[in-house]
Structures are given as C-alpha cells and as structure tokens.
Amino acid sequence: MDFLRPESWEEALAARAERPDALPIQGGTDVMVELNFDLRRPAALLDLGAVRELAGWETLPDGTVRVGAGVSYARLITGLGDRLPGLAQAARTVGSPQIRNRGTVGGNLGAASPAGDAHPPLLAAGAVYEVESAARGVRLVPAAEFYAGVKRNALGPDELIRAFRQAPAAGPQYFSKIGPRNAMVIAVCSFALALFPAERRVGTGLGSAAPTPRRAYEAEEFLAAEADWDADLDDAVAGRFAELVSAAASPIDDVRGTAEYRRHALGVLARRTLTWAWNDHRKGAGACA
Amino acid sequence: MTTTRAPGDVAAPGRGGVGDSALRPDGTLKVTGEFAYASDLWIDGTLFGATLRSPYARARIRAIDLGPALAVPGVEAVLTHEDVPGRRLYGLDHADQPVLAIGEVRHQGEPVALVAADHPETARRAMERIAIDWEVLEPITDARAVVADPDRLRVQERGGIVRHQPVRVGDVASARARAEVVVSGDFSVGIQDQAFLGPESGLAVPAEDGGVDLFVATQWLWGDLRQIAPCLGLPEDKVRMTLAGVGGAFGGREDLSMQIHAGMLALRTGRPVRIVYNRYESFFGHVHRHPAQMRYEYGATRDGRIVYATAEIVLDGGAYTSSTPNVVANAASLGLGPYEIPNLEIDAYGVYTNNPPCGAMRGFGAVQACFAYESMMDRLGAACGLGPVEIRRINAAGQGSKLATGQVIDSPAPLAEMLTRLEAMPLPPPPDRTDLRNLPGGVSQATHGEGVVRGVGYGVGLKNICFSEGFDDYSTARVRLEVAAGEPTVVVHTAAAEVGQGLVTLQAQIARTELGVDRVTVAPADDRIGDAGSSSASRQSYMTGGAVRAACAAVRDEVLALARTRLGAGDDLSLAGGKVVSASAGAVATIADVLGDRTVEHTREYHHRPTVPMDPVTGQGDTHVQLALCVHRAVVDVDVELGLVKVVELAAVQDVGKIMNRLSLEGQIHGGSAQGLGLALMEEIVVQDGLVRNPSFTDYLIPTILDTPPQRLEILERPDPRAPYGLRGAGEPPTLSSTPAIVAAVRAATGRPLNRVPIRPEDLCRRCS
Ligand SMILES: Cc1cc2nc3c(=O)[nH]c(=O)nc-3n(C[C@H](O)[C@H](O)[C@H](O)COP(=O)(O)OP(=O)(O)OC[C@H]3O[C@@H](n4cnc5c(N)ncnc54)[C@H](O)[C@@H]3O)c2cc1C
C-alpha cells in the first residue's frame, strides 16, 4: 500500500487527481477501523494530516465561519462552541476523548454515514460544504444536497473536502441524540434544530433516521407558517412539529433499535429541542448550550 | 529463547501482608501500556497462524480444496481435521468439540481449517483461497422446542438435552392448595459476553524433544494441558505450559481457543507460531453466558411467607457440552436463591442448539436464575402489600437454613441483617441537572430533565464458591525461603492464573504474613508445579491462598525447628519482621542467621471439603463447598418517554468472611457490579437464525465510566471457620445481585413489567412498543 503525504492543499489536489485509487485519510477514526476489519483494501492512502490549510478556520467578510476539514472535534468544541453551538454539542457526543482528538467534521462528511453526528446540526444550520478538484476548482454544495445515499456523498472522484461554511448562530441551536449507553455510542437516532428568529424560520436535521441525513422540510415550513414568534410556544404547535419530524423519517429496524422506536424518539427529541430553543428565544438569549 | 517479551519475568509485588491494601505489581505496567499480554509475545522466526471459520450456523462440508491456499507463496501449512495428530475432539469434561470441523459445522465461527504463513496478510489471502463446498442446513435455534422434542431436534448424536436436573422437596400440590397468594412469571436473559479486552492469543514453540512449549492466556493451565496433549498426540510432559499475560477472562478462557491450533501448526512447521484473534474473531473464539428462558410460580401466605415455588429454567448451551452440565447444576441448586422454601420443584435444562456456544461466565448459572427469583420476590411482595426489603427479610435464609438441595448452610449467611444495613444507607440526592452527564443519555442531551423519574430497587444473590458436585479442585503451591544479598527472600510458585483479579498480589501478601519476610517474589505460573485448579468460581483466594498458606506453614515449621536446634530456644517461636521472635524473650535471631546458606522449600496441596453430586431425581445433596451472599440497592433515573436509563448509585453489602486486600476486593465488587449493570441495561449478543448480528464493540455495548455509578459498599467479615483466614470467595456474587436490583429500580420508575434483560429503550416507553 502506498502512503501519500502532501504538505499543501495544492499537492493534495494533485495527488487526488493522479491517484483516484488513493483513499483520503484525515483523523483515521473511520478509515483505520475499516482497514483493521478488512472492509477496505485501498491501493494507497492519501494522508491529509500535514495539509496546513485544512487545520484552521477563519471568518469570511460576510461573517460566515469557514472551518477546515481537518479541524478536530476537540478543537471545534473549545474554539467554535460559541459561534456553532449546535455542531459543538454534536461534537461533544462523538466517541471518547481520544476519538474527539483525532476525528474531524471533514472525515464525518467523507464517510457520510447516516449516523454521523455532524450532519444534523450542519443541515439545521444551513451549512455549505466547500469541495475542490485540481481540474474544476471549488464547488459550494449546500449540506442538504451533499448526501447521496447510504455512506455516499456528492464528492467527485477527483475532489476533496476543503471546508464547511456556516454563519454564526443567529438564534438558539440544539442537538440531541439517542443511544442506549450514556457515552461512546452510535446514534440510534439524532435530531438537530436551529432557530433563526430574525427570519422567523427553523432549520432541522435528522440522523440515523433514513438512508441519508436529511431535513424535515414539512416541519420547518409548518413552524415558519404557524408559530407565533412573539408568544410562548403553543403546545399544539410543538406537538404538530414533533409529528412532522417523526413523519420525515424513514427509519429501519436494525440491531441498534426498531423503526418504531426511532420515529417515536425523534418526535420526543423534536418537541424537547424546540421547547428549549423557544424558551431561549423568549428569554432573548442568543446562542446557548 | 530470544523472545523480546516473555512471561518469564518474575513478578515482584510491593509491600503488605494479609489484610493490607497491597498494590498490584502489574497495575502500573497495565496502565502505562508496558505489561506484556499474550498478544505481545514474539520470537524470531515466528509464523502467523490464522483460523478459517464457518460462516453458517449449521452446514455440511461436502469437500474442501486446500490446493490454492497451499500455493500462496509464504504459506507454510494448511491444516484440517485430518491433520490433528491425536484425538480429534476435546472438551472440559466431555470431549465432543472437534479441534477442526469434521464433515459438518454446528455453529457460526466453528474452526474449519488453519493456516500458518510468514505474514498475517499472507495467511489471510491463503484463507480466502480455501474452497469449501457447503451444504447449508436449517439451524436448530429454539431451546424450548429442544426440551419439548429432544429426540428430533438433535445437534449432537446423544439427543438435544445436555443435562436435565430436577430438584424436589416436599409436596408442591398440597402447598398450592393452601397458598393464599400466587404469583408467576416468565423471564428471559439474553446472551452476555465476557468482553475481556485482551483477545485470545498465544505462542507455540516447537521443542527439540518433539514436544511444544505453549505460552497462552488461560484461566487454568492444567485444565488446558489435559485437553491439549491428547489432541496433539503427545504425553503431557511434552506439552509445557506457561501463563502469558491475561487481558481479562470472566470465564471466557475456561474453554480452549487457539491452544491446540497453534500447537498443531508449530509441530507441523517446526517453527514458532503465534495466533492472535482480533475483536471480531474473539466474539466467535470463546463461549458466552448461556441465554435462559425461565418460568416461575410462587405461592405464599397473605403475610408473605413463601409456601411453595416451582421453576423451569432452560439454558441454551449451543452446539457443544463445554461446562453446560455444571451451569445447569448451579441454576438448579441455586435457582430459588437464599430463601427458605419448604416445598419446591425445580427443573433446569441445558440443551444443544446451533446458537453461539455457551459456557462459563462470572456467576456461572446463578446469574440467570437470580434475575428470575429476585423479580419473583418483588412480584410477591407487591401481591402481599410488602416492600422489597420486607418480603426478602421474611423469607431470608441464614446459617442453619436448608438450601433447595437440602444442604444446610453451615457458616454465617446474615442475609436479613445485610438487607437491614443496606436499607439504612442514605439515598443519593436528586440529580444536579445543570450537568448533562447526570441525566439519562448524558451529553447526548436527550433530556434536560423532562420525563425523568427516579426508581429504587433491591437485589440479592447467592453464589457457590469453588467447584461443586464432588469435584476435588485442589491447588498446589511451592514456597522457597533462602537468603539472598543478606536478606531473607521468598519465592512462591503455583500454576494459578492471574487473570486480573489480583491473585499474584495476594499470594505475596500471604507469604509475607506467614513468614514474616518482606521480600517476596511470585514465579510465573506454569506447569512445572502441580495443578492449581481454575481461576473461576471465585475460588483462587480460597484454594491457592490455602495452598500458599499451607506451604508457608511447612517452611515456617522447618525454620523454627532449625532455630530451636541452633539456638536452643523454646516452643513459643514465630517469624516476624525478618526475625525469629520468641513470645517470652522477643527477637532471638534474624531469619538470615538461622538459615545461613540453606534453602527451605516445601510444596503443599490444599483440598477443600468433599462434596457430592446432586441426586439425579431429587436434586438433593451437600453439593457446594461454600456459599456467598451479596445484596444490592440500585437507584436509577429513567427518561420514561425515551426509555433511557442513568444508574445513579449502586449500594452493596457483601459478606466476605475476611478482607484479604480491601483495595482489590472493592475493585472486584465494583467490577462485578458493573458487569451486572451491563447485563441489566445493554450487554447482549444479538442472534438471528443462529447468526451473531453484533460481533464488535460498536454494537456490543459495555458500560463506560459515564454509565457506572458511584458505589457505596459495606463489607462484612463473618469468618467461615473452614476456609483459610475465614475468607469467602468474593468475585462473583456482586455480578448476580446488581442486575435484578437495577431492573427492579427501572420497574419502580416506569411501572413496566420488564421480564427480559438486557432492557431495551423500546421496552420502557409506553408509546413505542
Ligand atoms: C470508537 C469510535 C467512536 C466513534 N463515535 C462516533 C460518534 O459518536 N459519532 C460519529 O459521528 N462518529 C463516530 N465515530 C466515527 C468517526 O470518528 C467520525 O466519523 C469522524 O468524524 C471521522 O473523522 P476522521 O477525520 O477520523 O476521518 P477519517 O477516518 O480520516 O476519514 C473518514 C472518511 O472520510 C474521507 N475523508 C476524510 N477527509 C477527507 C477530505 N478532506 N476530503 C474527502 N474525503 C475525506 C476518508 O477517505 C474516509 O472515507 C467513531 C469512531 C470510533 C473509532
């Protein structure tokens, strides 16, 4: 197996174009497991660990935060928790301290598992992914268009993920996940919610609830249309919102849980997170964890 | 030998005698990653062994073509059952398990062929090239159906039932007519795995005399040897066993895994062979805890006194006998727990199926029944209007009580008092909701407190200590005292396996106390000394502790006799602080002076009292050596809308006779309780049509530190006069009682019946099941 270790983004893109058989590796917390379990036998590894451009973040002129694909969960939690609270909450639930030190959002997007914890908050916040190839340059892919199927994403064979872009939270954001263990657990299902009070709009993201992470569009539209943003949350509205979130899921029965339980739990999480966010909103609190 | 890391280093424990919290010599090494586990062994020229396993639960092998595998460059051997040099079957008590499948496979993961190659990758490629023509058959997977029709549903020639053990006392029919309150229930227990962290591994080195040296992680060197030698076609003295670093066991290393396989490959190739399973293979490489289906009925007077009980317990042993007969005996003899019940009928069955093979695991047959009988006690209490502690106290057995087998408990068993002490312990405060880690789901943030209900539950467990039913599981110890660098030095040598429980530490503590010497080393366990029995059944402190103490006493007697002859001292001598001490005259000489350059060495066997098998019809008999009790109170917070559980606290009272090492002991109770928590809430090998669906730690969940609550312990010391130092085996009892206590607490919070463990979230919330 060849081991490619580019030291700049340019080199990385060139290597990607030259060696479509090389598997990118960032933190390796997915890749190494696959290699150990013999699920994958790539001809080469393209190690992105030395690519400096991926390792940091910046604020763009319009205020959007641009976060390199190689930023670990641990750094994201401490460095960006105030601006990206939903994602930071999700990051806090990933694996163990060791995994959070190595694992990255870029890797989560690369793996595109329906259970990946970064996806729901990115969907809810309306993040955009920046992918790039040497031949065609940069493409900006909205989160909701990125997930193509179970563990498949919209990345071309010559493309790499450079960063994700997300506006700092404009209102309360929450992430909730279900696991039968109190830590280190793959989501049985998960839900993320972001309120945009100025726009009178809500964003949602569902995890482990369908072949891909997805948004609950009807629930979002319902809330935008029916909620009274200047009043306390109406019970009936919250209940209907929860139902619509449940209905947006197409879960399966598997060894981690039943489809019925997943639907039920998503409804509970939707109602609870909406309630928390609404309370924050009414209290005038902005972002909150 | 040029191994860079061999188990030859003599362990050198720290300070402390019996009763001190001596530190483990292996503790720091394990925490810093320097401890040499069996998987770290290495010798130049080693080949890598690999095992081809059945993908099917039940199938015939029409043909195997090894040619393409043998043709892979770097492959040194490819073996099947035809290459087994000796007996082709092995087993703990009953040899019915093929070393390699003979014409058919009876469970998923059954070994079919072996490869030795110069690189693990080569071995893997060769395995892919072994072509097998399978005829897949429908597996037999319903244990209850096997009990009903054992002649038709045969996995083994001998029929479907491994053992049926009835227990009969009194007259259940007339007691039933008198009973004022009757409760019943069906309960089941899923397959729990030992989930030890160090997968099966070891090294086999061929020797010049045609024999083989095996370095393996096991619970019982001599038990392994007796099974390995006949299969390798070698006399026992040509198979030399040394214990390699064991990464946990919990019963899962009582059966053989890679031992014979590595030996075969080493003998065939004439080169050292190393086999190391990965986590996936490990799930197929050892037996698990028997899953159980149980049906209970209790009758009582209105004031809660039990007048009769019936129980049917069906344990699924999988395809081979392993330790199922003994697991059945425990389920039968301990099937109603430590309660006085005048009339009873128990039927415990162990059956063969094509499900994953099951055998020994911490608690050994007593765990499954404990979940059922404790659930019944709560049910009965509720029916009589009595609380969980009250109903247990009313029926509690004690010293002088009879077990279901008629055996009289002849040493302290203060159950009622233990319950009273447990109940008196303070309850934890409500959760601090400002920290998500205190709530069900933890930082997954499923709740900020919504839907969270607290529950409290109790559980009691009764476990036999040492092997039962007539087994003479003695232990042997050799103790040598000599002067080295001017200081008296003791070497203790046994074949007893340190599996993480702290036995090495304890052996040194005993030697220090008995011989008054600080410098004690424990030689690596091997078979150059007689049998020590298995590190299971909570028996090593008792048995190997007893043997070390006896050998020390023999050494001490000789030293004191020497002192008397040399110094003309009186009869009131003892050894302390490196000196010979006279009760009347104080220190009279140093041990070093008395010994000079003489070496004093003695070997002793230690036997427990004899027991008898259960009567095949009535189940009666004095079958157990010693009995041990633990009681638990669990406090849980349950998110009743989502079915998520946070165990807030586990409190326990356990009687251990004598605290040999409090630090180790508390570790055993903490760990045992956590393993019981795992069974209550998450640990299950999920099987469908005989196939395992979750053979990984991604989906076989064991408790993390955030699942494991603070544990309040009260440890009693009521000595057993028959046992060394009065001690009572302690490793298993907490594993029994924590499971039903937690389930009872979750029932209290949710009102759900919960007849099955592990509990799944969907079992708990009302709207989702
Ligand atoms: C013990 C354990 C616990 C875990 N727990 C969780 C959990 O709770 N929640 C969760 O979501 N995940 C969990 N994971 C999975 C994993 O940690 C995450 O998916 C993580 O985000 C992967 O990041 P990484 O940098 O390690 O990715 P890698 O393993 O390096 O890569 C993952 C995939 O992304 C591709 N890739 C990586 N970087 C790029 C790039 N820049 N461009 C294109 N493709 C790229 C790789 O080719 C690969 O296919 C766990 C893993 C382990 C081992």
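The values are calculated or read from the model by the stated rules, or taken from the named source; none is laboratory data. Only a predicted model underlies this, so the values are computations on that prediction, with no experimental measurement involved. Note that we place each Cβ from the backbone using ideal geometry, even for glycine, and neighbour counts take in every protein chain shown. Quick note on the areas: whole protein, heavy atoms, side chains included, nothing else; ligands and nucleic acids left out. Shrake-Rupley method; radii C 1.70, N 1.55, O 1.52, S 1.80 Å.
Couple of notes before you dig in:
- Positive-pole candidate from B:PRO734, B:LEU706, B:ALA749, dipole of region B:700-757, charges at beta carbon: B:ALA749
- Burial ranking of peptide ranges B:395-404, B:596-605, B:218-227, B:738-747 (average Cβ count within 10 Å, highest at the top): B:738-747, B:218-227, B:395-404, B:596-605
- Peptide B:503-516 has a mean of 0 when you count, residue by residue, the C-beta atoms of other protein chains within 10 Å of its C-beta.
- Rounded, prolate or oblate (a/c below 1.5 giving rounded, otherwise prolate when a/b exceeds b/c) for region B:32-78 by Cα gyration tensor: oblate
- Tensor-based shape of chain A (alpha-carbon gyration tensor, a/c under 1.5 rounded, otherwise prolate or oblate): prolate
- Remark: mean inter-chain Cβ contacts per residue of A:261-267 equal 5, using a 10 Å Cβ-Cβ cutoff to other protein chain atoms.
- Charge dipole magnitude, Cβ of K and R +1, D and E -1 - region B:475-606, Cα centre, debye nearest 20: 120 debye
- Region A:2-166, dipole about Cα centre (Lys/Arg Cβ +1, Asp/Glu Cβ -1), debye to the nearest 20: 400 debye
- Estimated from the Cβ-Cβ distance and a Förster radius of 51 angstrom, the FRET efficiency linking B:ASP209 and B:ILE715 is about 0.55.
- Local charge for B:THR623 was computed over the other residues whose Cβ lies under 12 Å away, with Lys and Arg +1 and Asp and Glu -1, and equals -2.
- Chain B contacts chain A over a buried accessible area of about 3100 Å², both sides summed; the probe is 1.4 Å and only protein chains count.
- For the set B:MET127, A:MET184, the ranking by accessible area, highest first and with no ligand, DNA or RNA atoms included, is A:MET184, B:MET127 under a 1.4 Å probe.
- Evaluating 6.51 cos²θ - 1.76 cosθ + 1.60 at θ = phi - 60° for every residue in region B:346-355, the Karplus couplings come out as 10, 10, 10, 10, x, 10, 8, 9, 9, 6 Hz, glycine and proline recorded as x.
- Straight-line reach from B:LYS658: taking Cα to Cα under 21 Å and skipping same-chain neighbours fewer than 8 places apart, the lysines in range are B:LYS463.
- Taking trypsin sites (Lys or Arg not before Pro) in DSSP loop conformation with at most 15 other Cβ atoms inside 10 Å as exposed sites, chain A has its longest uninterrupted site-free stretch at A:41-135.
- Centre-to-centre, using Cα atoms only, region B:173-191 and region B:260-336 are separated by 25 Å.
- Once you reduce region B:105-153 and region B:722-756 to the center of their Cα atoms, the two points are 36 Å from each other.
- Projecting the Cα atoms of B:PHE215, B:TYR296, B:CYS765 onto the charge dipole of the protein assembly as shown (Cβ charges, centred on the Cα centre) puts B:CYS765 farthest toward the positive pole.
- Minimum 30 Å² accessible area buried by the other protein chains, region B:730-769 residues, probe 1.4 Å, relative to alone: B:PRO761, B:GLU762, B:ARG767, B:CYS768
- The calculated pair-distance distribution of region A:2-166 uses every alpha carbon pair, bins of 10 angstrom beginning at 0, and gives 11, 43, 38, 9, 0 percent.
- Cβ-derived FRET efficiency at R0 35 Å, B:LEU29 paired with B:HIS119, nearest 0.05: 0.75
- Simple label model, 7 Å out from Cα along Cβ direction - B:THR698 to B:ALA576, nm: 6.2 nm
- Under 12 Å, Cβ to Cβ, from B:HIS493 - net charge with Lys/Arg +1 and Asp/Glu -1: +1
- Chain B, accessible surface, carbon-and-sulfur percent (1.4 angstrom probe): 50 percent
- Kirkwood Rh and Cα Rg combined as Rg over Rh, evaluated for chain B: 0.98
- Note that the protein assembly as shown shows a convex hull volume over its alpha carbon atoms of 188 Å³ per residue.
- Of interest is the spacing of the C-alpha centroids, which for region B:70-99 and region A:132-206 amounts to 52 Å.
- Ranked by how many other beta carbons lie within 10 Å on average, peptides B:254-265, B:273-284 from highest: B:254-265, B:273-284
- Per residue, the convex hull spanned by the Cα atoms of region B:381-528 amounts to 269 cubic angstrom.
- Using only Cα coordinates, the Kirkwood hydrodynamic radius of region A:173-288 works out to 14.2 Å.
- Positive-end extreme of charge dipole, region A:2-166 - chosen from A:ALA43, A:PRO157, A:VAL105 (charges on Cβ): A:VAL105
- If only the Cβ of Lys and Arg carry +1 and only the Cβ of Asp and Glu carry -1, the dipole of region B:647-769 around its Cα centre is close to 300 debye.
- Nearest-0.05 FRET efficiency for B:GLU82 and B:ILE705, computed from C-beta distance (R0 56 Å): 0.70
- Take each residue in B:689-697, count the other chain C-beta atoms within 10 Å of its C-beta, and the mean is 1.
- Compactness of region B:475-606 is given as radius of gyration and Dmax, 14.9, 46 Å, from Cα positions.
- Accessible surface for chain A, divided over its residues, is 40 Å² per residue with a 1.4 Å probe.
- Average accessible area per residue (Å²) across chain B - probe 1.4 Å, nucleic acids and ligands excluded: 34 Å²
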